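Q: I'd like to ask you about the structure that follows.
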Amino acid sequence: MKQIKIGFVDFWGDGFDRENNYFTNLLRTKYEVQIDQADPDLLFFTVGYGGDLSALNYKHHKCKKIFYTGENCRPNFDGPDYVMQRGNAVVKSDFAISFDFSDDERNYRLPLWAMYIDWFDSKTYGNPEYLIPINQVSDNTYINTPKTEFCAFVFSNPIPMRLEMMNTLSKYKQVHGYGKSFGNWNYGESKKYETLSKYKFSICVENSLSPTKGYYTEKLLHAKTAGTIPIYWSDKKCDYDFNTKCFLNLTDYEDMEDLIEDIIKTDKDEALYQEMFNQPLFTNGEMPDFVKPNNVLKFIEGIL
């Protein structure tokens, strides 16, 4: 088995385990992987949170530099050494693995939600604390939990869109809030699954939309695989990733009042609810090929 040396820069501080994460485990399916921060063959780096420029330390190193982002920031291939996006530094890279719909062959599209699936039987990466097993995406104990509550909303960042949706829907029935904003949250994706599993619906609003579309995080994946009907907000191109018959998307409506009207209709009509509830997360029940690890690995092999 061929050896490869890899390094990581900027990956969410103490919560990131260089020995146990998506990229290390992916490469170990084909290579003998050694973590080498000083002299890597491949350097994975992400956005420099708060303007951190640590990735620039490798500017003159011979390694191939791969930018990965789970944030709403785009790759910087041909710009200056770094550009600022949403308050974060995006250092220039050779290649990228991102959410971005792009025709640039240097970019591979792998949206953040794919990182929350347990492709390699890892159980956990520490952060995320829990990964949904690949064979439990469509059927698990959370999905099969009886739905005794109306609607939940888990978030920490109280952006206006989230507050407006929660407050508007609560005029019909109370939406239960969880997260840092409500002072009632303990860390961990498993806790999130347990909480959501007893609800019929859950609101899952992205922090923002990308001008190039494609920015879909773990929110919809968690809501659906926890056994709720997701009430989502993203761009219309999400049908490239997901089966749009299994959730309600604010983007498909004239305004929020129209969305609320459909939520109420679905809540009151059990047959309509079950029809949507039983729809698979992915179109025709098939996981998209582009998120499958073997195809991501082919892209990285092409870099090497």
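The values are calculated or read from the model by the stated rules, or taken from the named source; none is laboratory data. The structure presented is a predicted model; accordingly, all values stated were derived computationally and were not measured. Glycine also receives a Cβ, built like all others from the backbone with ideal geometry; neighbour counts cover every protein chain displayed. Ligands, DNA and RNA are stripped out before the accessible areas are found, and what is left, the full protein with its side chains, is counted by its heavy atoms. Shrake-Rupley method; radii C 1.70, N 1.55, O 1.52, S 1.80 Å.
Q: With each label point set 7 Å from Cα along the Cα-Cβ vector, what nm distance links ASP104 and ALA38?
A: Each label point is offset 7 Å from its Cα along the Cβ direction, giving 3.3 nm.
Q: For the chain, what is the convex hull (Cα atoms) projected area averaged across all directions, in square nanometres?
A: 15.7
Q: Take the range 57-162, drop everything but the C-alpha atoms, weight them equally and run the Debye formula without solvent; then report log10 I(q)/I(0) at 0.23 Å⁻¹ to two decimals.
A: Those come out to -1.26, one per q.
Q: Can you give me the long-range amide H partners of GLN85? Hydrogens built in the peptide plane at 1.01 Å from N, cutoff under 5 Å, separation of 5 or more residues or another chain.
A: Close amide H contacts, sequence-distant or interchain: VAL90.
Q: Taking θ as phi - 60°, what are the ³J(HN,Hα) couplings along the range 124-130 by the Karplus curve (6.51, -1.76, 1.60), each to the nearest whole Hz, with x for Gly and Pro?
A: In residue order, the calculated couplings are 7, 10, x, 9, x, 6, 9 Hz.
Q: OK, next. Given the rule -39500 (n - 2.57) for each run of at least 4 DSSP H residues, summed and divided by the residues of the chain, what is its mean residue ellipticity at 222 nm, to the nearest 500 deg cm²/dmol?
A: -6000 deg cm²/dmol
Q: Ok, one more. Could you check the simple spin-label distance between GLU286 and LEU56, using points 7 Å along Cα→Cβ, in nm with one decimal?
A: 4.7
Q: Once phi is turned into ³J(HN,Hα) by the Karplus curve 6.51 cos²θ - 1.76 cosθ + 1.60 with θ = phi - 60°, what whole-Hz value does each residue of the range 161-168 show in order, with x for glycine and proline?
A: For the range 161-168, the Karplus curve yields 4, 5, 5, 4, 5, 4, 5, 5 Hz.
Q: Amide H neighbours of LYS147 under 5 Å, counting only residues 5+ apart in sequence or on other chains, H built in-plane at 1.01 Å?
A: none
Q: Only Cα pairs within less than 10 Å get springs; with that Gaussian network setup on the chain, which residue of TRP113, TRP233, TRP185 has the largest fluctuation?
A: Its mean-square fluctuation being the largest, the pick is TRP185.
Q: Beyond 18 Å, how much of the Cα-Cα pair distribution for the range 59-114 remains, as a whole percent?
A: Above the 18 Å cut-off, the range 59-114 has 29 percent of its Cα pairs.
Q: When the Kirkwood hydrodynamic radius is evaluated over all pairs of different C-alpha atoms of the range 234-286, what value in angstrom, to one decimal, is obtained?
A: 11.8
Q: Can I ask one more? Per residue of the range 17-26, in order, report the coupling 6.51 cos²θ - 1.76 cosθ + 1.60 (Karplus, θ = phi - 60°) as ³J(HN,Hα) in whole Hz, putting x for Gly and Pro.
A: So the Karplus estimates, Gly and Pro as x, are 9, 5, 8, 9, 7, 4, 6, 4, 5, 4 Hz.
Q: Build a GNM of the chain with springs between Cα atoms under 10 Å: which of HIS176, HIS60, HIS222 gets the top mean-square fluctuation?
A: Greatest mean-square fluctuation among the candidates belongs to HIS60.
Q: Quick one: pull the percentage of alpha-carbon pairs in the range 200-304 with a separation above 19 Å.
A: 48
Q: Leaving out ligands and nucleic acids, and using a 1.4 Å probe, what accessible area per residue does the range 166-213 come to in Å²?
A: Using a 1.4 Å probe on heavy atoms only, each residue of the range 166-213 averages 47 Å².
Q: Is the shape of the range 127-219 best called rounded, prolate or oblate, per the rule: a/c under 1.5 gives rounded, else a/b larger than b/c gives prolate, else oblate, with a ≥ b ≥ c the square roots of the Cα gyration tensor eigenvalues?
A: The shape class here is oblate.
Q: Rounding to the nearest 20 debye, state how big the charge dipole of the range 129-253 is about its Cα centre with +1 on each Lys and Arg Cβ and -1 on each Asp and Glu Cβ.
A: It comes to approximately 320 debye.
Q: Under a crude label model (7 Å from the Cα following the beta-carbon direction), how far is LYS171 from ASP121 in nanometres?
A: Calculated label separation equals 5.3 nm.
Q: Keeping the other protein chains in place, figure out the carbon and sulfur percent of the accessible area of the range 1-129, with a 1.4 Å probe.
A: Carbon and sulfur: 46 percent of the exposed surface of the range 1-129.
Q: Could you report the range 1-143's accessible area per residue, 1.4 Å probe, as an integer in Å²?
A: For the range 1-143, the solvent-accessible area averages 45 Å² per residue.
Q: Rank TYR216, THR244, SER93 by how far each Cα sits towards the positive end of the charge dipole of the chain (+1 on Lys, Arg Cβ; -1 on Asp, Glu Cβ) and give me just the farthest.
A: SER93
Q: What is the dipole size for the range 192-304, taken about its Cα centre, with +1 at each Lys and Arg Cβ and -1 at each Asp and Glu Cβ, in debye to the nearest 20?
A: 500
Q: Compute the FRET efficiency between ASN294 and THR212 as 1/(1 + (r/R0)^6), taking r as their Cβ-Cβ distance and R0 = 25 Å, and round to the nearest 0.05.
A: With a Förster radius of 25 Å, E is 0.45.
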